[in-house]
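Below is one structure, written out as structure tokens, with a few remarks after it.
The values are calculated or read from the model by the stated rules, or taken from the named source; none is laboratory data. None of these values were measured; they are calculated from a predicted model. Cβ: placed from backbone, ideal geometry, glycine included. Neighbour counts: every protein chain shown.
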Amino acid sequence: MNQQETSTTNRAERTIDVIDAEIEVLRAERAKLFELRKATLDPGANDEIAVGEPGRLFTLSGVAIIGTNEVVPGTAKLLSAKRKADGSLELDLDETSLSWDGALTATNDLHEKEFVTVKGTIVPESQVKLVPLRWQRAVGHGVAA
């Protein structure tokens, strides 16, 4: 390695070290902000039924919830791999076997469960409300009736 390469490498390493330190500071600040945000959440504040009663879930704007967002681990069968010019791998994969027993309900950074609406959007637990079971979805719209 010549002098110029050594100098460039040292600069890059120092830069990476500085950036890593800044990232750690930002992560700590981010964690504090999330804790403050989490403290402001009021689960159930928009519910239209008493605690402990069964109901249906809707978004705060009235869109029906069809289920939870799930993370299911799996293994895709690797047929072959090759290295591309940029250093990344190109994979030729076959079928994926899923481990349903390992499925977990997805959560966001605030550790809120994630729900899926009839429109396919994902909403956090703080943005849903429980309504009486008698509420029905409007035909084709998934909006509280």
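Just a few scattered comments:
- Within the stretch 18-131, strands (runs of 3 or more DSSP E) holding 3 or more residues that are free of Cβ contacts under 8 Å to residues at least 40 places away in the same chain and among the charged types (D, E, K, R): 74-83, 89-98
- Some residue of the stretch 102-117 being within 16 Å of VAL131 (Cα to Cα) and surrounded by 11 or more Cβ atoms within 10 Å (Cβ to Cβ): yes
- Test for THR68: is it under 30 Å from ARG27 (Cα atoms), surrounded by 11 or more Cβ atoms within 10 Å (Cβ to Cβ) and β-branched (Val, Ile, Thr): yes
- Look at (1) more than 18 Å from the chain's Cα centre (by Cα); (2) at pLDDT 95 or above and you find that PHE115 fails only one, number (1).
- Looking only at the stretch 1-30, residues that are surrounded by 10 or more Cβ atoms within 10 Å (Cβ to Cβ), modelled with pLDDT under 85 and aliphatic (A, V, I, L, M) come to 1 in all.
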